[in-house]
Each structure stands twice: as C-alpha cells, then as structure tokens.
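Inspection log for the structure reproduced underneath, given as structure tokens.
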C-alpha cells in the first residue's frame, strides 16, 4: 500500500511538490484553505511575474540571510535549473534588462498557474480546497476546518507550505505559529521585510519631496552597500534600492530603536573629484546654481542636502561633498507587515534537519516562507520556495 503525503498550503512550494512527487510511490493530497491555489503567487505577478533571477549561481545563493541552510537545495535546483524546468513544462521565459526572469511576453501569471495546476492534476495529485488547517490533534493528526465541519486526517508524511505573514489578503497570515509553539518548536514573531521604511520627515519637506525618486544612488547600512533607486514618500522611503538592506536595517532597529542609512547621491563621482568641480569652477552663477551645475544635481537632491545641513555648513564645499557622499537618514520603524512584499520570522532554522524535517515531529517537513530567513526582491523568494520544494520532492522520492 502506498504511503500518504499531505501538503498543507497551496503556494509556490506546494506547486512544485505537486508536480514532482512520485505518485506511483505516494498518494499525494494538497490542502488549501482558499478556493484556488497560489493567491499570493498571482498577486505578486500583478505587475509582471518575476519567477527568478539570471544572476550567477555563486552570487545568487549569497543573497539570502542566512544562506547556508539553502545551499544544498539550491545546488540541487538552481535558478538555471528552474528556467529549464519551466521551459520543459511549456512555459517559455525571458531575461529582462535588470536580469530578472519573467514568463515570455503574452504569458500571464494566471496562464503560468493554470499550466502548473494542470501538471499537478496530471500527476494524480488531489487538491482539496476550503480546507483550513487549524492545528494538531492529541495524536498529531491534522485538523481541518471545512464547509461541512471539522475533519481529522492521518498522513504518513506532512509537508507544511503555509507561507509567511505578508499580504494577509491572500490568506497567508502567519497565524499558524501557535500550533508549532504548542509542540515546543522554537518560533520567531513575523516582521516585515522588503517594505517601506519610516522616516520622520518635517511636514514642510514632505510637500516638496513626496513621490520623488532618487535614481543611480547607493545606500549603506552597517557593512552592506547596495546600488539602485528609491522613492521618497510621506511615510519615508521605499524601493528596490533599499529592500536588500532589510536585514541590516531590521537588526539595527531591534538593537538600537533607530537605524542609520547613508546615501551616496553620486556613487560614480569620487569625493576628491566632486570637491575639485566645486572649488575650481569660475562660473558666474550663484553659489547654489554652481553646485547644481558642477555636480549635476536635481532639485530633489539639493532639497535633501539643504534639509540636513545648516546654512553655514552648506556654504562649506567640503561639508557639501561629505553629505553628497554620505547623506545620513534615520529610519524609525518598518512599514506595516500587511503591505510588505515578504516577511521574516516563523520557524527557527535550528528546528529543522538538512532535509527540512522538523526534529521534534518525525515525518513532518517545513519549507518556504514559513522558515526564518530573508530573501530580497527580484525573484529570490520564489526561487528559494521552488528550490526547497524540488529538493524535498527528490528526497522523498529517493526514500
């Protein structure tokens, strides 16, 4: 008689598990509380479904914080392997100018999901909708809330793919933490990641900077520097230029209550060259106009510089260059987790084996955003979920 595998949650990890588990060896069922699979998958693809990134594999793995727990799974099923797998599934991809990988133009996120769901069904996997997992029974059976009442299910193998706590509108709320805490499994409260960051701008400054971008900049927090662009908002800042610094910012906030970031407004211009441009100019323009011209600054950049400098400091070329290259801003908090692109927290990595099995619950596995790790935007979170799902499917198929 075949052993049974129950997959709890129908997100990205569950999709690839459903496609790859050997149903000649196992009877596989997916249990999803919504009426459709992968709602967050679809929401994430609203502006273009970023499936993974084309970055070199040796650099790719280092994007995760921490990354060591994922190394074996990623080597087993890397970004390059995912692209090949998708193509073999009939989903052609292309690499965008940023290096991100998307479905070929004309293929919508719902088309990707439908194709994967077809593959799951053709693999003889049963999908059970409107089954909300509500914890364990005294005998560690799975308890589900269904339209026809509560149901208890015993399974030989259970794989939890319940997601994190970002975008709760999609059904992933992280409210399952207590079920694992009751089993003495170490967990960490969820926090926002890849989110907006609070800066207490003066009201008069908000009026002139709100919605303005800062492009071609680099940002430093702690010992990490990232280049990109951000948008200034009434709340603070957001954008791809700051999201990769989420772990460092969150760490400083938790330790100090504030996080300092330093923006280099002209990363391709050295401090020495910037100072020469200002001091060697013989322009008849006003002092400020000369700085704008020589350093090629836009209105937003000048406003920001003036906002952090006194009038006397602004008249000092050395101090202007220092702030140009190290514009200090104070982050007072993370944005709301319900608006965050992803979350960090969940089940501690010390609670799982190298095969993602819970050390305290035999034959019960946890993968995806449920685990306490951080992934930046750009397809990295989806890739980690696919890598873990494929690795676990291969592992179970080989038992």
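None of the figures in this text is laboratory data; all of them are computed from the coordinates on show. Quick caveat: nothing in here was measured; it's all calculated off a predicted structure. Cβ atoms come from the backbone with ideal geometry, glycine included; neighbour counts cover every protein chain shown.
Starting from the Cα of residue 67, move 7 Å in the Cα-to-Cβ direction to define the label point; list residues of region 75-90 whose amide nitrogen is under 12 Å from there.
Zone members listed by number: 75.
If the elastic network links every pair of Cα atoms under 10 Å, which of 20, 57, 369 fluctuates the most in the Gaussian network model of the chain?
Of the options given, 57 has the highest mean-square fluctuation.
Along Cα→Cβ, 7 Å out, is where each label goes; now give me the distance between the ones at residue 330 and residue 399 in nm to one decimal.
Between residue 330 and residue 399, the simple spin-label model gives 5.3 nm.
Between 63, 115, 282, which gets the highest mean-square fluctuation from a Gaussian network model of the chain, Cα cutoff 10 Å?
Result: 282 has the largest fluctuation of those listed.
Considering only DSSP beta bridges where both residues belong to the chain, give the percentage that are antiparallel (nearest 5).
Antiparallel bridges make up about 70 percent of those DSSP assigns within the chain.
State, to one decimal in nm, how far the label point of residue 285 lies from the label point of residue 92, with both points 7 Å from Cα in the Cβ direction.
For the pair residue 285/residue 92, the computed spacing is 4.9 nm.
For the chain, with a Gaussian network of springs between Cα atoms less than 10 Å apart, report the residue from 106, 164, 335 with the top mean-square fluctuation.
106
Any idea how far apart residue 43 and residue 4 come out in nm if each label point goes 7 Å out from Cα toward Cβ?
Each label point is offset 7 Å from its Cα along the Cβ direction, giving 3.1 nm.
Take the Cβ-Cβ distance between residue 215 and residue 360 as r, set R0 to 45 Å, and report the resulting FRET efficiency rounded to the nearest 0.05.
After rounding to 0.05, the efficiency reads 0.40.
Calculate the all-directions average of the projected area of the chain's alpha-carbon convex hull, and give it in nm².
About 22.4 nm², averaged over all directions.
For the chain, what is the calculated [θ] at 222 nm in deg cm²/dmol (nearest 500), taking -39500 (n - 2.57) for each run of four or more DSSP H residues and dividing by its residue count?
Rounded to the nearest 500, it is -9000 deg cm²/dmol.
Would you mind putting 354-360, 10-16 in packing order, based on average other-beta-carbon counts within 10 Å, highest first?
10-16, 354-360
If you consider only alpha-carbon coordinates, what radius of gyration and Dmax does region 245-399 have, in Å?
Calculated on Cα positions, Rg and Dmax stand at 24.3, 79 Å.
Compute the label zone of residue 339 within region 238-256: residues whose backbone N is under 18 Å from the point 7 Å along Cα-to-Cβ.
238-244, 246, 250
Kirkwood Rh over alpha-carbon pairs of region 1-84, then Stokes-Einstein at 10 °C and 1.306 mPa s: what D in µm² s⁻¹, rounded to an integer?
D = 106 µm²/s.
I need the per residue convex hull volume for region 197-334, using only the alpha carbons, in cubic angstrom as a whole number.
With only Cα atoms used, region 197-334 gives 105 Å³ per residue.
For residue 57 and residue 224, FRET efficiency with R0 = 22 Å and r from the beta-carbon atoms, rounded to 0.05?
0.60
Using alpha carbons only, how many angstrom separate the centre of region 64-109 from the centre of region 160-207?
First find each Cα centre; the distance between them is then 25 Å.
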